[in-house]
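The values are calculated or read from the model by the stated rules, or taken from the named source; none is laboratory data. Everything numeric in this text was worked out from a predicted model, so none of it was measured. Please note: Cβ atoms are built from the backbone with ideal geometry, for glycine as well, and neighbour counts cover all protein chains shown.
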Ligand SMILES: [Zn+2]
């Protein structure tokens, strides 16, 4: 009995540690949410200090000698073998996080937090004035720090990573390397460019049927209804507006998403709500028993993105969805819109400068551009100050267009200002996972998709929750995708899906 009680205490101590660590992280998240949604411009210096101190506290907590001893205690053979499967998975997540965090000296991490908090602010200014020079010194510092961090990860965590950039990718997508991803890119790039060119040989589809003045307050009502239909709980989450849409999960009971609305183009806000709603459903759908554990997060950034892209593209840009929406649009706007015409208008493929406005077919090309630039930046083939020119060149060779200014080119995305190098591949992985998952969903439960046109989406959310969401971080991406679809990631599903779908949009 003495022994059992001691073991119980050991697990309780770990749970107590996890809760305190998560509370620190979630409080930091709330400050960052406020920075993007409500904070006045000049609050940045104080906010930068606040975020830094909390992040440093969390870092010190996770890397302290006592934490190391706790991990050793949990992994003691006799103790570990008696844990249940969920507990074992949580310990594995803990070990991964501990090793990753332990890889950096506190001082380097502190520099990272300071540089990126300021970096985000500089990026916003630079984008507003469309002047890369304003962001350049910040970005140079960030790239330098992230390279050092990549080296640290290579030395102590991802010892088989060939480069610091490889290690960077692993942070976001465990099991993925630059080489594997480059292989995927090589298989996709030419077929995609050729497919887009095939589409552009046909007369362009009209976008105007769904582009009209639609008051923002009514758009918000519509987005709210769509989120409710998706099964998003407003008792456990909220929707606000920000320049760059994002989702923040602070446990399964407080999940916040933001949208960016456009009065003359409701599709922007609608698809942002569905995209972020997909992320939010993942966070709300993690099994309650994982809520206050370190495994309360998505399997990887790529898997997380597959859930947002499922709702945005697979469902939100499907003909079934527009059958559901057209009658509601008439109620809100008085306009009669043919569902098929609306479906086609929502699926126009054209070369565009901005990633987040890109259609499904050209979107992967935007990611390939960033991946190739990041790789060159980290190998030393490209210097930070050369980025704008390199960006414009690649944009021209992949999509045949050249950005007129930095704001619609190299400055368009927030990611680099947050130090997220190696993150962009997740977006393309998300598209690939989403196509593969949807293929399985439609094949294994054909009835589910028939309900989509009636707005009957809860069974779809339930399928995703049972197969993906509930596990949180318990499964690694490859294990999860094999469990759900019966095979490892296969890029062919995306190409197949494009071929089938866009034949209904263009006369291919
Ligand atoms: Zn996303």
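Overview of values
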quantity: Which listed residue is surrounded by fewer than 17 Cβ atoms within 10 Å (Cβ to Cβ), away from the ligand (no atom under 16 Å from the Cβ), over 29 Å from residue 415 (Cα atoms) and over 20 Å from the mean Cα position of the chain (by Cα), from 332, 322; calculated: 332
quantity: Residue match in the range 223-234 (condition: surrounded by 14 or more Cβ atoms within 10 Å (Cβ to Cβ), farther than 19 Å from residue 321 by Cα and either more than 16 Å from the ligand (Cβ to nearest atom) or modelled with pLDDT under 95 (or both)); calculated: yes
quantity: Top-ranked residue of the range 171-203 - restricted to ones that are under 26 Å from residue 92 (Cβ atoms) and without any contact (Cβ under 8 Å) to a residue 24 or more places away in the chain, ranked as surrounded by the most Cβ atoms within 10 Å (Cβ to Cβ); calculated: 177
quantity: Qualifying position, being crowded, with 23+ Cβ neighbours inside 10 Å and either within 15 Å of the ligand (Cβ to nearest atom) or part of a loop (DSSP other than H, G, I, E, B) (or both), among 244, 253, 275; calculated: 275
quantity: Odd one out for residue 159 among (1) surrounded by fewer than 22 Cβ atoms within 10 Å (Cβ to Cβ); (2) in contact with a helix residue (DSSP H, G or I) (Cβ under 7 Å, 6 or more places away or on another chain); (3) part of a loop (DSSP other than H, G, I, E, B); calculated: (2)
quantity: Qualifying residue in the range 463-476 (condition: without any contact (Cβ under 8 Å) to a residue 24 or more places away in the chain, part of a helix (DSSP H, G or I) and out of contact with any helix residue (DSSP H, G or I) (no Cβ under 8 Å at 6 or more places or on another chain)); calculated: yes
quantity: Meets criteria (within 14 Å of the ligand (Cβ to nearest atom) and either without any contact (Cβ under 8 Å) to a residue 24 or more places away in the chain or buried (at least 24 other Cβ atoms within 10 Å of the Cβ) (or both)) for residue 299; calculated: no
quantity: The range 355-412, residues that are surrounded by 20 or more Cβ atoms within 10 Å (Cβ to Cβ) and within 16 Å of residue 133 (Cβ to Cβ); calculated: 387, 391, 406, 409, 410, 411
quantity: In the range 450-462, the residues that are crowded, with 18+ Cβ neighbours inside 10 Å and assigned to a helix (DSSP H, G or I); calculated: 452, 460, 461
quantity: Residue 283 within 12 Å of residue 304 (Cα to Cα), more than 11 Å from the ligand (Cβ to nearest atom) and touching a strand residue (DSSP E or B) at 6+ places or on another chain (Cβ under 9 Å); calculated: yes
quantity: Boolean, residue 66 is surrounded by 15 or more Cβ atoms within 10 Å (Cβ to Cβ), out of contact with any strand residue (DSSP E or B) (no Cβ under 7 Å at 6 or more places or on another chain) and without any contact (Cβ under 8 Å) to a residue 24 or more places away in the chain; calculated: no
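Matching residues to (1) closer than 25 Å to residue 297 by Cα; (2) in contact with a helix residue (DSSP H, G or I) (Cβ under 7 Å, 6 or more places away or on another chain); (3) free of Cβ contacts under 8 Å to residues at least 24 places away in the same chain:
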residue	(1), (2), (3)
73	yes, yes, no
77	no, no, yes
85	yes, no, yes
111	no, yes, no
117	yes, yes, no
124	no, no, no
145	no, yes, no
148	no, yes, no
169	yes, yes, no
